[in-house]
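**Student:** Below you will find the structure I want to go over with you.
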Amino acid sequence: MDSRKDHLKRRCPRLGNDVSFAYCRTSGEQATCCFKIQDCWWESFDVCAYLQRQLTEEAYTALVQTRPKPKVTSLIELIEKAKTAVREK
């Protein structure tokens with residue numbers, strides 16, 4: 001993937017601190033783009049056009065169709081992971 005924009009930084013609404021574009025490109029599920037990448041970077045450059053050039057058609061379609069899990073679902077999954085980790089110890 002073209003890394004010329006990787007040095008750009010902005011505040012991440014999910015993490016609450018500054019992150020690089022490189023982080024946003026690789027922080028999603030299975031080291032793919034964060035589902036919010038277009039929402040966050042559209043003011044800095046034409047991120048949609050960039051992603052369309054860099055990703056396969058299938059990967060781009062999957063990205064734009066991705067919706068975050070509801071917060072309650074995420075919390076339940078984290079609790080279950082923690083329970084499993086405690087049981088395994």
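**Student:** Could you work out [θ]222 nm for the chain from helices alone, using -39500 (n - 2.57) per DSSP H run of at least four and dividing by all its residues? Round to the nearest 500 deg cm²/dmol.
**Tutor:** On the way: 5 runs with 46 residues, N = 89.
That comes out to -14500 deg cm²/dmol.
**Student:** Calculate the spin-label point distance for Glu43 paired with Arg14, positioning each point 7 Å from the Cα along the beta-carbon direction, and give it in nanometres.
**Tutor:** Rounded to a tenth, the inter-label distance reads 1.9 nm.
**Student:** Quick one: net charge around Phe21, please, counting Lys, Arg +1 and Asp, Glu -1 for every other residue with C-beta under 9 Å from its C-beta. Don't skip to the answer; put the middle values down first.
**Tutor:** Numbers: positive: Lys5, Lys9, Arg10, Arg25; negative: Asp6.
Net local charge, Phe21 excluded: +3.
**Student:** Continuing with this model, one more query. So for Ser44, Ser27, fewest C-beta neighbours within 10 Å to most, what's the order? Let's see the in-between values first.
**Tutor:** Details: Ser44 12, Ser27 18.
Listing Ser44, Ser27 from fewest to most nearby Cβ atoms yields Ser44, Ser27.
**Student:** Ignoring solvent entirely, what values of log10 I(q)/I(0) come out of the Debye formula for the range 9-88 at 0.15, 0.18, 0.24 Å⁻¹ when each Cα is a single scatterer?
**Tutor:** -0.63, -0.83, -1.18
**Student:** Given a 10 angstrom Cα cut-off, can you work out which residue in Gln30, Gln52, Gln65 is the most mobile in a GNM of the chain?
**Tutor:** Greatest mean-square fluctuation among the candidates belongs to Gln30.
**Student:** Next question. Net charge within 9 Å of Cys12 by Cβ-Cβ distance, Lys/Arg positive one each and Asp/Glu negative one each, not counting Cys12 itself?
**Tutor:** With Lys, Arg at +1 and Asp, Glu at -1, the net is +3.
**Student:** Can you tell me how much longer the chain between Glu80 and Val64 gets when fully stretched, taken as 0.36 nm per residue apart minus their C-alpha distance, in nm with one decimal? Please report the intermediate quantities before stating the final value.
**Tutor:** On the way: separation 16, 0.36 × 16 = 5.76 nm, distance 2.84 nm.
Computed gain between Glu80 and Val64 is 2.9 nm.
**Student:** Roughly what angle does helix 71-88 make with the longest principal axis of the chain, taking Cα atoms, 0 to 90 degrees, to the nearest 10?
**Tutor:** Once rounded, one gets 50 degrees.
**Student:** Another question, then. Once you keep just the Cα pairs under 8 angstrom separated by 6 or more residues, what percentage relative contact order results for the range 13-84?
**Tutor:** Working: 28 pairs, mean separation 12.9, N = 72.
Computed value for the range 13-84: 18 percent relative contact order.
**Student:** Only sites in a loop by DSSP and with at most 15 other Cβ atoms within 10 Å count here; which GluC sites (Glu not before Pro) in the range 7-89 make the cut?
**Tutor:** On the way: sites: Glu29, Glu43, Glu57, Glu58, Glu77, Glu80, Glu88; in loops: Glu43.
Here the sparse-neighbourhood loop sites are Glu43.
**Student:** Add +1 for every Lys or Arg and -1 for every Asp or Glu among the other residues with Cβ under 12 Å from the Cβ of Leu63, and state the total. Walk me through the numbers before you get to the answer.
**Tutor:** Details: positive: Arg25, Lys36, Arg67; negative: Glu29, Asp39, Glu57, Glu58.
Local charge sum for Leu63: -1.
A short reminder: the numbers here are calculations on the coordinates, not readings from a lab. What you see is a predicted model, and the numbers here were worked out from it, not measured in a lab. Backbone-built Cβ (ideal geometry, glycine too); neighbour counts: all protein chains shown.
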